[in-house]
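The values are calculated or read from the model by the stated rules, or taken from the named source; none is laboratory data. Computed from a predicted model, the values in this text were never measured in an experiment. Cβ atoms come from the backbone with ideal geometry, glycine included; neighbour counts cover every protein chain shown.
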Amino acid sequence: MPATPAKHDALVADLIDAVGAPHVLVDDDERAGYEIDWTGRYGGPCTAVVRPGSTNEVAAVLPLCARYGACVVTQGGNTGLVGGSVPRPTAPFTVVLSTQRLDAIGEADPDALQVTVGAGATLAAVRDRVAALDLDIPVDFAARDSATIGGAVATNAGGSRVVRFGTMRHHVAGVRAVLADGSVVGSLAGLPKETAGLHWPSLLAGSEGTLGVITEIRLRLVPTFANTATALVAVDGLSGAARLAGRLRCEVPSIDQLELIEPEAMRLVTGHLGRSMPLAVPPGGSYVLVECADRRDPLDDLTSALADPATAGVIVDALVTTDAAQRRQLIEHRDRLTEAIAADASASGTPVFKLDVAVPLDRLAELVSIARTAAAADGARLIPFGHVAEGNVHLNYLDTSDTERIAATVLTAVADAGGTISAEHGIGIAKARWLPLIRSAGERRASNAVRAALDPGRLLNPGVLDPGVPEA
């Protein structure tokens with residue numbers, strides 16, 4: 001039920017007491033940017049936006065919201081694509097808890113290869129801070145300038161370096177979080193052998209803000225690899241892309257990225273950048289962007305692997321370079337794809353519909369074919385790209401008319417192939433109803449039991465990761 005004006009005013013007054021008036025936003029124009037997601041597809045009204053500046057302030061805010069019956073949606077950089085970081089249209093008495101001010105970055109420990117950061121610190125800011133010590137962060141994706149570390153942990157984000165380092169969960173050496181009742185849990189000691197009891201990083205990574213509000217992270221770091229080589233490879237199709245990825249992983253230890261760009265995506269991004277197509281592919285062909293990084297020059301390993309007879313039959317053409325400017329141009333074909341899609345969607349007036357899925361590699365070509373058929377049946381345009389080594393493809397539909405029908409077709413096919421309906425963007429609101437496709441009733445009951453124990457009032461991110469109370 002909507003809050004009465006008196007309850008609204010009382011909550012706002014208490015929030016101001018907790019964090020200060022400048023950090024409680026109630027005016028329509030101040031709240032607007034927090035109430036709709038990056039795609040323009042998801043969002044709703046909120047009572048207020050609160051911006052706590054410390055773990056203690058978060059611990060003060062959550063019990064206040066519980067006392068007044070207001071839901072809490074935690075929001076980092078608001079780069080999510082599944083509606084999980086914005087208010088729900090059906091829950092108007094909602095407080096958006098922004099982590100923007102939780103952006104402190106501690107001194108990196110070059111011996112432990114760790115750094116403690118606030119949940120609101122962006123990937124790019126942390127990367128820049130640790131670069132002076134010849135260190136790097138092991139995750140990366142195109143939204144690095146605005147996506148936050150806390151958001152990446154909450155969604156167990158992946159990105160382009162998963163092929164080498166794994167998803168975000170692997171890099172959380174410690175975490176501090178606040179539960180719905182204001183309890184502070186977790187540790188930032190970062191001990192590799194902290195084996196006693198519940199492991200909060202494992203529990204909270206991927207929980208999408210439903211179990212607690214992550215405020216600080218002890219993040220694992222990796223060495224900076226100064227020597228890089230990049231290749232854009234045209235292959236004969238998705239099966240060829242999978243075969244190439246397998247060979248490169250076996251033969252080139254410095255592989256850092258293996259990105260898939262389908263021809264529709266390459267045409268869109270080159271048009272957006274005002275460039276011509278960098279390589280031609282045959283009908284049914286694909287592009288694979290290969291990034292190698294090492295302490296020594298990886299060029300010889302890369303060129304040797306691309307000349308391997310085992311992959312000669314699938315490679316149509318290739319551009320290989322170590323030149324910084326040429327590398328940057330090649331990488332832009334992947335990094336600026338999301339920007340190009342957003343620009344196209346804005347011009348057409350219809351928000352992009354995104355499905356982020358993964359299937360076993362031997363089913364990838366079949367899935368993309370089904371996705372293209374779903375687009376044709378809807379009269380939509382499909383822009384597919386992704387991370388080939390993980391069988392992860394981002395299916396971006398433009399000019400859609402029936403997104404429910406597209407989702408039903410594609411997500412059912414993904415589940416039938418033994419895949420996952422979310423490889424790195426999370427479930428959020430967008431895919432909650434489809435969760436039973438990949439999680440059994442027993443699994444959903446267990447998840448609900450954990451959630452009920454930590455947040456019995458369903459204060460935190462209601463509707464996310466929740467297809468409804470599972471059957472008994």
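Annotations for the structure displayed:
- Of all the listed residues (Gly386, Gly418), the sole one being in a loop (DSSP other than H, G, I, E, B), at pLDDT 95 or above and not aliphatic (A, V, I, L, M) is Gly418.
- Residue in the range 91-102 that is aliphatic (A, V, I, L, M) and farther than 30 Å from Ala66 by Cα present: no
- Leu273 vs. criteria crowded, with 22+ Cβ neighbours inside 10 Å and at pLDDT 95 or above: no
- Those residues of the range 165-183 which are in a strand (DSSP E or B) and under 22 Å from Pro462 (Cβ atoms), in sequence order: Ala177, Val178
- Any chance Arg247 is in contact (Cβ under 8 Å) with a residue 12 or more places away in the chain, over 29 Å from Leu465 (Cβ atoms) and outside the structural domain of Val72 (by TED's automatic domain parsing): yes
- Residue match in the range 410-420 (condition: in contact (Cβ under 8 Å) with a residue 12 or more places away in the chain and closer than 25 Å to Gly212 by Cβ): yes
- Val235 vs. criteria closer than 29 Å to Thr338 by Cβ, surrounded by 16 or more Cβ atoms within 10 Å (Cβ to Cβ) and out of contact with any Cys (no Cβ under 8 Å at 6 or more places or on another chain): yes
- Positions within the range 163-202 being aromatic (Phe, Trp, Tyr) and modelled with pLDDT of 95 or more, in sequence order: Trp200
- Inspection of the range 398-405 finds no residue satisfying the criterion of being in contact (Cβ under 8 Å) with a residue 40 or more places away in the chain, more than 24 Å from Arg88 (Cα to Cα), crowded, with 16+ Cβ neighbours inside 10 Å and of a type in the set (Val, Ile, Thr).
- The range 336-373 - residue that is assigned to a helix (DSSP H, G or I) and among the acidic types (Asp, Glu) and, of those, surrounded by the fewest Cβ atoms within 10 Å (Cβ to Cβ): Asp362
- Among the residues of the range 65-107, those identified as among the aliphatic types (A, V, I, L, M) and in contact with a Lys or Arg (Cβ under 7 Å, 6 or more places away or on another chain) are Leu81, Val82, Ile105.
- Every residue from the range 287-327 that is within 22 Å of Glu262 (Cβ to Cβ) and under 27 Å from the mean Cα position of the chain (by Cα): Tyr287, Val288, Leu289, Val290, Glu291, Arg327
- Checking every residue in the range 440-447 against the condition of being surrounded by 21 or more Cβ atoms within 10 Å (Cβ to Cβ) and out of contact with any strand residue (DSSP E or B) (no Cβ under 7 Å at 6 or more places or on another chain) gives zero matches.
- Members of the range 267-282 found to be of a type outside the set (A, V, I, L, M) and under 31 Å from the mean Cα position of the chain (by Cα), listed by number: Arg267, Thr270, Gly271, His272, Gly274, Arg275, Ser276, Pro278
- Qualifying residue in the range 285-296 (condition: at pLDDT 95 or above and among the β-branched types (Val, Ile, Thr)): yes
- Members of the range 207-244 that are of a type in the set (A, V, I, L, M, F, W, C) and under 30 Å from Pro467 (Cβ atoms): Leu211, Val213, Ile214, Ile217
- No other residue among Leu191, Leu204, Leu198 is buried (at least 16 other Cβ atoms within 10 Å of the Cβ) and of a type outside the set (Ser, Thr, Tyr) apart from Leu204.
- Residue within the range 165-184 that is small (Gly, Ala, Ser), crowded, with 22+ Cβ neighbours inside 10 Å and in contact with a Phe, Trp or Tyr (Cβ under 6 Å, 6 or more places away or on another chain) present: no
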